[in-house]
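The structure under discussion appears below in the form of structure tokens.
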Amino acid sequence: MPRFKSLAWTALLCLALLDLSVAWADVQIGAAPATRKILPESPMPEARKIEIGLCRNEYEAFQIAVRAPRGATVLAVSVPEASPLDVFEVTVYREHYLNVANESSGSLTDHERLPGFYPDPLIPAVDPYDPEHARPVGLPYDLAPGETAVLWVEFYASPAVTPGLHEGAVVVETTEGEGHMQTTEIAVRIEAWDVDLPRTVATAFGFGHDRARNYHGGPEGDPTANYGEIVKRYYQALREHHIDPTTPPTPDIAFVFDAEDDLLPVDWSAYDEALEPWMTGSYLGGEGVARFNIGRFRPGSGTGSMTETQYVKAARAYAEHLQEKGWWDRAYVYATDEPWLNGGTETWDEIVHDIDLLLQATPDWRYKTLITGSYVDLVGDRVGIWCPVTPMYEDWFYTGGSMAGREEYAERFAKGESLWFYACNANLPPYAGYDIDTAIGYEPRIVKWGAWFEHATGFLYWRVSYWVQDDPWNVYMNLEEFGELFARNGDGFLLYPGDHNGTAGGKGSPEWLTLDGPIVSYRLKQVRDGLEDWELFRMSEKMGGEAYARAQVARAYTRFGDFTFEKCPGPGTYCPDDQPWTLDENLLLDVRKNLGRKVQHLLHSTLYPDPEAETPDGDQDEPDEDGDADADKEAEVAPTPDGDADRDTAPPTEDGGGCQGTGNLSWPALMLLGMIILVCFRTSRIS
């Protein structure tokens, strides 16, 4: 018995000393894929290597988490000069955590919405709007003891990037006090596919630059001298994320009639001067908009100051002018918003009346109207784009067949009509949406997968800058406007104002942050990833690989969601055992990799192998029992159903790396660890 007690006390001492040595360890650093939302309570990722696949004209990112038991400073994150990764444009952000006090409604198992800290604004390491001076903004950053900082490292492949493997490292520089510098390398393996990613998916994201005006300079007095450039930067941020504004800003057109109601010659010069740069892409550099809302002749809004006869003549002149300019095919008109909610039958009748006036002008107006709602048999063959919110599709949320679904829209496609989707405050879990307070980072991405799978050709979002109570850095849901059920954190904005001294006495960015432009968000990055994936799916579809693309995407997506009531089993309700879309980020990333390689093969069949031929199901790399598809998998551990890695068990160390791994213990810790081993060894020998 004494001998047993001696061994027990020695074991306890060894454990205590070992725990102390961990506390003395250096700064902990690990990498994770961009899909994973790293919360303050999340376990530290342990990977020290990351694999990324991307096309030319595409962005892909990963994350680096940094945690310091005794506090530290994150000095810089960079790619060394003359690195093989130098061919990519690299941008680094620090993820800023928001304190969500009131969670969005509709929590379900595996889809919780809980109060707490969530990352969303991405603070650029240096001022992107003043490249000449490279003013530090997001880095260096001082970490409090135990605090986690997450860095977003983004790669862009220009059209000049050579296809193939590019392997190098991203270097993280940290320091603990004076003279204790730590340099950590994250190995990065980028597979650049021999694919030029186009921008063909139609997007319509609302932006009102009057709100930007309120923040950048304030609502009173003259605008700042560079205000026009600031507004352009907001639009530029959208373009860089493959997003077009719903309605490009253009001046009103004066339609003047004589006493006989004949239309006098129209002066189109100011209108053309404003719209042409959007159509050619010269305003922002790059491609022109894929589709755009005309902003005039809105069905359901009446004829305004014109008589019906004048309205018809003006609509004819407008159509003829856009046709002459070559812009007509990209134009549409946005009818009264959500007619099923705003007026019902009366509004539908008004929409039909106004479309018929447009058809009197020219039959070319047929199929030019967009309806934000599910298909209803009230308007005949007049509508061109049906755009329901995702829960208003099929009978997954509104049960009993009350909403049009796959069968009904297939009939509309045959008539030449199109399907878009939108997301808003109606996206209650398990419907994927744009909530800040979800632990599943890739929700905005997977909803784009579903849109493609359901044969949509575009996606709409009602606003990117509907900042709540003039204080978007501290208030994230509009309870006054939408009530407790439908108010959601982040609904209506994907950008943050970069100026602190604007509306309502400085309720802009935090005092330490001032930029002459927008701050992008984690959610906006996920939206872009989804749109880029959508382009890949479309390319595969157009080149004869649709069956493979659908089989792959079906591994991750079956439906947008379910009715937000938990019951197992039970049709028309949510059951955690039957998820509508995957909660496994590794599966999501594996599907994307397979589709990237498939498109590469379809474009250059003699140069690159067909992933469909690699294994019977077309999956190149079967996941092993840990959930990784191969040894170089982007994620080092599969997430648990709540979208995070297991919060009770640290993930396995990959390739020798880890929180304390890769040999980065401080010298005092190494000496202490050696003493522990010696004491324990001697004790075991004596016993």
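Values as computed for the structure displayed
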quantity	calculated
Looking only at the range 352-402, and only at residues there that are acidic (Asp, Glu) and in a loop (DSSP other than H, G, I, E, B), the one that is farthest from Ala335 (Cα to Cα)	Asp395
Selected residue (only one of Gly490, Gly441, Gly458 is of a type in the set (Gly, Ala, Ser), on the phi < 0 side of the Ramachandran plot and under 15 Å from the mean Cα position of the chain (by Cα))	Gly441
Failed criterion for Thr336 (all others in (1) part of a helix (DSSP H, G or I); (2) closer than 22 Å to Thr246 by Cα; (3) of a type outside the set (Gly, Ala, Ser); (4) free of Cβ contacts under 8 Å to residues at least 40 places away in the same chain hold)	(1)
Qualifying position, being touching a Cys at 6+ places or on another chain (Cβ under 8 Å), on the phi < 0 side of the Ramachandran plot and loosely packed, with under 15 Cβ neighbours inside 10 Å, among Asp252, Asp196, Asp210	Asp196
Extreme residue, surrounded by the fewest Cβ atoms within 10 Å (Cβ to Cβ), among residues of the range 44-85 that are small (Gly, Ala, Ser) and closer than 30 Å to Pro198 by Cβ	Ser83
Condition met for Pro609 (modelled with pLDDT under 95 and surrounded by fewer than 20 Cβ atoms within 10 Å (Cβ to Cβ))	no
Residue count, the range 245-294 (criterion: of a type outside the set (A, V, I, L, M) and in a helix (DSSP H, G or I))	8
Number of the exception - Gly492 against (1) within 23 Å of Leu460 (Cα to Cα); (2) touching a strand residue (DSSP E or B) at 6+ places or on another chain (Cβ under 6 Å)	(2)
Filter result for Asp267 (farther than 30 Å from Cys387 by Cα, loosely packed, with under 15 Cβ neighbours inside 10 Å and touching a helix residue (DSSP H, G or I) at 6+ places or on another chain (Cβ under 6 Å))	no
Sole residue being closer than 22 Å to Gly416 by Cβ, touching a Leu at 6+ places or on another chain (Cβ under 6 Å) and among the hydrophobic types (A, V, I, L, M, F, W, C), chosen from Ala290, Ala331, Ala335, Ala319	Ala331
Residues within the range 339-385 that are small (Gly, Ala, Ser) and under 16 Å from Ser402 (Cβ atoms), tallied	3
Conditions (1) closer than 28 Å to Ile64 by Cβ; (2) touching a Ser or Thr at 6+ places or on another chain (Cβ under 7 Å): number failed by His166	(2)
Scope the range 339-351; condition assigned to a helix (DSSP H, G or I) and surrounded by fewer than 16 Cβ atoms within 10 Å (Cβ to Cβ); matching residues	Thr345, Glu346, Asp349
Any hit, the range 328-350, residues being basic (Lys, Arg), farther than 22 Å from Ala290 by Cβ and in contact with a helix residue (DSSP H, G or I) (Cβ under 8 Å, 6 or more places away or on another chain)	no
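Residue-wise test of (1) more than 18 Å from the chain's Cα centre (by Cα); (2) of a type outside the set (A, V, I, L, M, F, W, C); (3) outside any helix (DSSP H, G or I); (4) surrounded by 24 or more Cβ atoms within 10 Å (Cβ to Cβ).
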residue: Asp435; (1), (2), (3), (4): no, yes, yes, yes
residue: Val447; (1), (2), (3), (4): no, no, no, yes
residue: Thr514; (1), (2), (3), (4): yes, yes, yes, no
residue: Val527; (1), (2), (3), (4): no, no, no, yes
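The values are calculated or read from the model by the stated rules, or taken from the named source; none is laboratory data. Since the model is a prediction, treat every value here as computed from it, not as a measurement. No Cβ is skipped: glycine too gets one built from the backbone with ideal geometry, and neighbour counts run over all protein chains shown.
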